[in-house]
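Nothing in this text is a laboratory measurement; each read-out follows from the coordinates by a stated rule. If you're wondering where the values come from, they're calculated on a predicted model, not measured in any experiment. Don't worry about glycine lacking a Cβ; one is built from the backbone with ideal geometry, like all the others, and counts go over all protein chains shown.
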Amino acid sequence: MICHFIESHKERFGVEPICAVLTEHGCKIAPSTYYAWRSRRPSDRDIHEAYIRNAIFDLRFKRDELTGAWRATAVSLYGYRKTWHQLRAMGITVARCTVARIMREAGWRGVLRGRRVRTTVPADEGQRAADLLGRQFAAPSPNHTWIADFTYVRTWSGFVYVAFIVDVFAQRIVGWHVQSTMHADLVTNALRMAIWFRDASGDPIPEGLIHHSDAGSQYTSVRFTERLALEAIAPSIGSVGDAYDNALMESIIGLYKSECIETDIFHNRPFKTLEDVELATMMWADWCNNERLHSSLGYNSPVTFEARYHATEDTDTLITANN
């Protein structure tokens, strides 16, 4: 640290005078010590940490081809744990504490999740479906349990609303929809997209799939419940005013707000129109499904986690057939 101080001030005061003043004030250092430090080759540790710092920088930032300015990437949303797992996935060997220290020294932090505002308006009348999950947000396979919710986003042209459907098994976003009203079409169109997506992927939903949501009037509407019945989907609804009955979906909505809406990663803010929110949501959902590391999935992406499940399932089927 003393040598770095001399290095930064030598052009103005000179090496020998600085060393003399420091020595007079109890910080003894000879000019020869500074020159030896300057001519010393960097240690293997210094070289390794410089390589790690550059690798993290390359993950978190990229240069805009048009303006030449550096822009943050989606990986800049990660804290040190996910960054460490990302480096390991790239074949870079480094201690987690080293990544934490380098990021702390550079001032690089993951995004912090903010408080979510509830949009649920419970239905006043009519019977609701029972809660089939009981706060147990786990599934043995894809297309076993879906969870759903929606949130709002402020734009210059007014509020828009974004509905999501997530497969619990790998926390994969299978359906979403953006519109300017909170009518039942908002959640119905997200459901239609989820069904189409699974069909198009060659993994159609089975009869009896569970669809879990809060007690919002959109999810208890006749139009939506009829659609569930038509697709042979079992409805499940949590209690009124209890966020824990749909806690996993609340968490994913929080991620959407903090990673997509409150940053400039997927779209430059401010959002002016519904189309701006739609584009940002599409890009975030694609990244979240295909690239984002989830600690609950062993630091795999949802797509990778599902692919590994299907690969294991196919292997078990082949072994059974051969036996």
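Length gained on full extension, ARG81 to TYR299: 77.5 nm, using 0.36 nm per residue less the C-alpha separation. Divide the volume of the convex hull around the Cα atoms of region 154-193 by the residue count and you get 65 Å³ per residue. Shown here for region 183-232: chymotrypsin sites (Phe, Trp or Tyr not before Pro) in loop regions (DSSP other than H, G, I, E, B) with at most 14 other Cβ atoms within 10 Å, of which there are none. With the highest mean first, a sort of the peptides 79-91, 263-275, 33-45, 2-14 on other beta-carbon atoms found within 10 angstrom per residue produces 79-91, 263-275, 2-14, 33-45. By the beta-carbon count within 10 Å of each Cβ, the least crowded to most crowded order of CYS260, CYS27, fewest first, is CYS27, CYS260. Charge dipole (Cα centre; +1 on Lys/Arg Cβ, -1 on Asp/Glu Cβ; no other charges) of the chain amounts to roughly 1620 debye.
When only Cα pairs below 8 angstrom with a gap of at least 6 residues are kept, the chain shows a relative contact order of 15 percent.
Rounded to whole Å, the principal axis extents of the Cα atoms in the chain read 86, 62, 39, largest first. Ellipsoid fit via the Cα gyration tensor, region 1-116: semi-axes of 38, 17, 15 Å, each the root of five times an eigenvalue, largest first. Give me the percent of DSSP beta bridges within the chain that run antiparallel, rounded to the nearest 5. Percent antiparallel among DSSP bridges in the chain is about 75.
Each principal axis of the Cα cloud of region 167-285 was taken in turn, and the coordinate range along them, longest first, works out to 41, 37, 27 Å. Select from region 165-273 those GluC sites (Glu not before Pro) which occupy a DSSP coil region and have at most 12 other Cβ atoms within 10 Å, ordered by residue number. Those that pass, being in a loop and sparsely packed, are GLU207.
Placing dummy labels 7 Å off each Cα toward the beta-carbon, the span from ASP264 to ALA106 is 1.9 nm. With a cut-off of 8 Å between alpha carbons and a minimum separation of six or more residues, what is the relative contact order of region 150-189 in percent? It comes to 34 percent, rounded to a whole number. First measure r as the distance between the Cβ atoms of GLU7 and ASN54, then evaluate 1/(1 + (r/R0)^6) with R0 = 25 Å and state the FRET efficiency to the nearest 0.05. That gives a FRET efficiency of 0.70.
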